[in-house]
1. Let me confirm something: among Val20, Val61, which residue is aliphatic (A, V, I, L, M), under 23 Å from Glu90 (Cβ atoms) and touching a Pro at 6+ places or on another chain (Cβ under 7 Å)?
2. Kindly state which helices (runs of 4 or more DSSP H) lie completely within segment 1-114 and contain at least 3 residues that are open to solvent by less than 30 Å² (accessible area, probe 1.4 Å) and in contact with a strand residue (DSSP E or B) (Cβ under 7 Å, 6 or more places away or on another chain).
3. Could you count how many residues in segment 107-143 are closer than 20 Å to Pro158 by Cα and either modelled with pLDDT under 95 or of a type in the set (Asp, Glu) (or both)?
4. Hey, any hits in segment 215-238 for a residue that's within 20 Å of His64 (Cα to Cα), touching a strand residue (DSSP E or B) at 6+ places or on another chain (Cβ under 9 Å), at pLDDT below 95 and not basic (Lys, Arg)?
5. Test each condition in (1) aliphatic (A, V, I, L, M); (2) over 17 Å from the mean Cα position of the chain (by Cα); (3) open to solvent by less than 10 Å² (accessible area, probe 1.4 Å) for Val236 and report the one that comes out false.
6. All but one of (1) under 17 Å from the mean Cα position of the chain (by Cα); (2) under 24 Å from Leu108 (Cβ atoms); (3) surrounded by 19 or more Cβ atoms within 10 Å (Cβ to Cβ) hold for Ala166; state the number of the condition that does not hold.
7. So which residues in segment 202-233 are part of a helix (DSSP H, G or I), open to solvent by less than 20 Å² (accessible area, probe 1.4 Å) and touching a Ser or Thr at 6+ places or on another chain (Cβ under 6 Å), if there are any at all?
8. Kindly list, by first and then second residue, each pair from a residue in segment 81-93 that is under 18 Å from Asp55 (Cβ atoms) to a residue that is among the polar types (S, T, N, Q) and open to solvent by 10 Å² or more (accessible area, probe 1.4 Å), limited to pairs with Cβ atoms under 6 Å and residues at least 6 apart or on different chains.
Amino acid sequence: MLHTDVAPGVHRLAHADVNVYLIEDDAGVTVVDTGLPATAGRIEEAISRIGRRIDDVQGVVLTHAHFDHVGSAKRLRERWRVPVWAHRDEKFLAAHPYRYQHERNRLLYPVRYPACIPVLARMTVAGALWVRGVHDVTLFQDSQPLDLPGRPVPLHTPGHTYGHCALHLPDRDTVIVGDAIVTLDPYTGRHGPQIVSGAATADSRTALASLAAIAGTGAKHVLVGHGEPWHDGAAVAVERAVAAGPR
């Protein structure tokens, strides 16, 4: 489902409980994350629905390279002939999106947290088990604006993955946080600002410490990788995520 203007000039495409964001300005469109394989056609439809063409897309930026964020990247790159950007520490994971570090055994979560079963089922139907990696990514470092529509500023927020980055849009009072904060944990089904459980987080202690960079943006709009956007400020979202602690 497409939700337009969830922040100034930023649109949210929600599919299979994973969010994709479209940032637009006069120069074109930046796609942030790509969801799962079945999301590709929906991204193209969303671009059309906001009055843009595929030729307007200048690049794809990955907040991180887990399978549910890199899922359509290879297909879209081949189809659109645009670069896929990722932090330098995500290069290996972008090519091998299932070979990620995590703290806890994922197989136990559906037993302990049955609320996650419908979420994981939707992700599976959307192709979660058949993601192809991207080998030819364009690497960036943090803190320097990317030369893409919206001029997103990467903020290195490691913990969920080691190269995870949020994207700050200072002129829009917005930060796209990927999975540094979510308002729906796919592995527990729990709602509200939190870090993702140890089923898919490399280092929860580091993930919690990284939230200071998000709070430091002072952004009003916090756009998450899973769940509904948060519009009550980055500082409050971080405070609640820290209070929730690791899962």
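1. Unique residue meeting the criteria: Val61.
2. Fully inside segment 1-114 and qualifying: 40-49, 73-80.
3. 4
4. No: zero hits.
5. Single failed check for Val236: (3).
6. Result: Ala166 passes all but (2).
7. Ala207, Ser210
8. Close Cβ pairs satisfying both conditions: Pro83/Thr138.
The values are calculated or read from the model by the stated rules, or taken from the named source; none is laboratory data. Because the structure is predicted, anything quoted here is derived from the model rather than measured. As a convention, Cβ positions derive from the backbone with ideal geometry for all residues, glycine included, and neighbour counts pool all protein chains shown. Keep in mind that these areas ignore ligands, DNA and RNA; they rest on the heavy atoms of the full protein, side chains included. Shrake-Rupley method; radii C 1.70, N 1.55, O 1.52, S 1.80 Å.
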